[in-house]
Every structure is written in C-alpha cells, then in structure tokens.
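The values are calculated or read from the model by the stated rules, or taken from the named source; none is laboratory data. Computed from a predicted model, the values in this text were never measured in an experiment. When we count neighbours, we look across all protein chains shown, and the Cβ atoms used for this are built from the backbone with ideal geometry, even at glycine.
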Amino acid sequence: MSFKRSLEEIEEKRKELRTTVFRDAEMITVLWETKPEIIEKILPPPLKPISRPIAFAFIANYSSTNQGLPYFEGALILRCEFNGEMGNYYLAMPVTDDRAMIGGREIFGFPKKIANVYLERTDKDVYAYSERLGVKNIEIRVKLTGKFNDPETPKIIKELGLLPGRKKNTVNYNYKYFPAPNKVGFDYNPWLVKQETAVGPKSMEMGEAEITLNSTAHDPWGEIEVVKVLGALYLKTDNTMLPGEKVAEVDPDEFLPYSYIKWDWY
C-alpha cells in the first residue's frame, strides 16, 4: 500500500475496473410529461429536445457492485437527442457513497452529489425519495397495479426507446468540465460525453405513481414541472456500465449558464 502506485498495479486495476457491474439492482422509475419550454430552456446545446417533453427520475438500490460497497442512487433526467440518437441528459444525481460520486463525476461528468436516498417496497407499494439539506427534492409513491397512470404510456415508452433490453443499451449524455483555478471559465472547453450501460432485465412491474418535486437554491428539481404523470416501472436488473467517449467539444461561453448543476449555489 502506497500513495504511489506502480505501472503494473495501474494496468491491472484499469483492466479490472474497465466496466462497472451492478448485480441484482433494484430500481423504481417514474415518467412524466413536462412543458416543452422548460426543456428548451435548460437543455444545453448541442443536445436537442425530442418530439415529446418527457422527463423521468429513478431511485435505485445497488446492492452489489465490483467497485465498492452497496449504495443508493437517484437521478433526474430529460430525454433528448444528439446527432439523431436519443439518450438521457442528467440534471441531478443524488448518491449515498462518496466513491460512486467521485467516479461518476470525474470520469463521465454525471452531476452527482451526496444525499440521503431511500427506496423500500412493501408488497405492492413502493416508497422512495432523495433528500438533501433537509428537503426531499423528490418523493415517489407507487402502487404496482400492473398498469400505468396513462394508457398511452406503453406507446410513448416504445416510441422514445425508453425501455432497456438485452440487445439495446441505455445511452447517457453528460458534460465533463472543471472550473479553472482562478475561478474564471474552465480548465478546457467542456466536453459532451456519451456513455452506454448494458441492462439485463430480470423482472419488471408496471405501476401507478404519485410524484412530488421540491426545489432549493441548490437543487431546483421543482423546475421540471409535472404536467401529466405517465406511470412507473419497478425493475430488477443486472447492469454493466461501459466506458464512455467524448463526442463533442462545447463553446465555454455558451455552456457557462448550464454549468452550475454539480455545485451548490453558494
């Protein structure tokens, strides 16, 4: 054990942790329709809105991973597209483990912050939330009735490619950037990073959801207004998080207004 690692150790660890594996993941995902003008306002270019103003959130229990202890995680997501390929843009990602936070932020650009994240299922009822600084930014209640809130939801899920599968990876988009040491601008022009996750579904149940979103100056979840709740999915999966790639370089002045989602507004 040393603060300095050998090149042999580094290469061995690089191979070992090239992918992140989540076994027996448990997740509740809720989908809703918001307003087009909200997505247009907060979606950074070159990402573009899709045909429907769809937002969704999940709360997950990652009980077994190859990169540390079990932890809980949540996410607030907009469906979007880049160069004609649909994917997920992450506005927030609360997490209960600092290693998961550091790895996700520094490698891929996920906007992770430490929070209190909770998920519990009792028979056909699921209750979940994410809480930071004494405020539950999202609170989810789902009854697993075998149907969605809106009968059009299966059509929307299929149309927007929202359901992961064994032959179809989940596509995620994030921006990777660091503020300059003099606190003016960035270290380098921000990157748009594409990362894919292979999802192996083990079980899936449909449910009717109630969602409450609350904002603070640091976590403005309530900005993603709920116009219509579409429904919920309770999933158990085995996931493999694959390496990402830089797909675009972004103008730093244009990106600056979108760059504060990873840090509290002090």
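Of all residues being of a type in the set (A, V, I, L, M, F, W, C) and under 14 Å from the mean Cα position of the chain (by Cα) in region 23-53, which is surrounded by the fewest Cβ atoms within 10 Å (Cβ to Cβ)? Just the residue, please.
So, considering only residues that are of a type in the set (A, V, I, L, M, F, W, C) and under 14 Å from the mean Cα position of the chain (by Cα), the one surrounded by the fewest Cβ atoms within 10 Å (Cβ to Cβ) is M27.
Checking the structure you have, find out if any residue of region 68-78 is aliphatic (A, V, I, L, M) and more than 24 Å from E139 (Cα to Cα).
Yes; the residues of region 68-78 include at least one that is aliphatic (A, V, I, L, M) and more than 24 Å from E139 (Cα to Cα).
So the check is Cβ under 6 Å with 6+ separation or different chains; which pairs have a first residue in region 103-117 that's of a type in the set (A, V, I, L, M) and a second one that's buried (at least 19 other Cβ atoms within 10 Å of the Cβ) and part of a loop (DSSP other than H, G, I, E, B)?
V117/T96
When you scan region 72-103, how many residues do you find that are in contact with a Lys or Arg (Cβ under 8 Å, 6 or more places away or on another chain), crowded, with 20+ Cβ neighbours inside 10 Å, under 23 Å from K41 (Cβ atoms) and aliphatic (A, V, I, L, M)?
2
Would you check which residues across region 45-62 are under 16 Å from V229 (Cα atoms) and either in contact (Cβ under 8 Å) with a residue 60 or more places away in the chain or outside any strand (DSSP E or B) (or both) and list them?
R52, P53, I54, A55, F56, A57
All but one of (1) touching a residue at least 60 places away in the same chain (Cβ under 8 Å); (2) of a type in the set (D, E); (3) closer than 19 Å to Y175 by Cβ hold for D24; which doesn't?
(3) is the only condition that D24 fails.
Could you please find all residues in region 33-87 being modelled with pLDDT of 95 or more and of a type in the set (V, I, T)?
T34, I38, I39, I42, I50, I54, I59, I77, listed by residue number.
Please go through region 214-266 and pick out each residue that is within 20 Å of L78 (Cβ to Cβ), assigned to a strand (DSSP E or B) and β-branched (V, I, T).
Result: V229, V247.
Exactly one condition in (1) touching a Phe, Trp or Tyr at 6+ places or on another chain (Cβ under 8 Å); (2) closer than 17 Å to I107 by Cα is false for E205; which is it?
(2)
Picking from E85, E26, which residue would you name as being under 23 Å from K236 (Cβ atoms) and charged (D, E, K, R)?
Answer to the selection: E26.
Within region 106-156, which residues are of a type in the set (V, I, T), touching a Gly at 6+ places or on another chain (Cβ under 8 Å) and farther than 17 Å from N61 by Cβ?
Within region 106-156, I107, T145, T153 qualify.
Please go through region 33-44 and give me each residue that is among the charged types (D, E, K, R), more than 17 Å from M86 (Cα to Cα) and assigned to a helix (DSSP H, G or I), ordered by number.
E37, K41
Return the only residue of K4, K48 being basic (K, R) and either under 24 Å from V250 (Cα atoms) or touching a strand residue (DSSP E or B) at 6+ places or on another chain (Cβ under 9 Å) (or both).
K48
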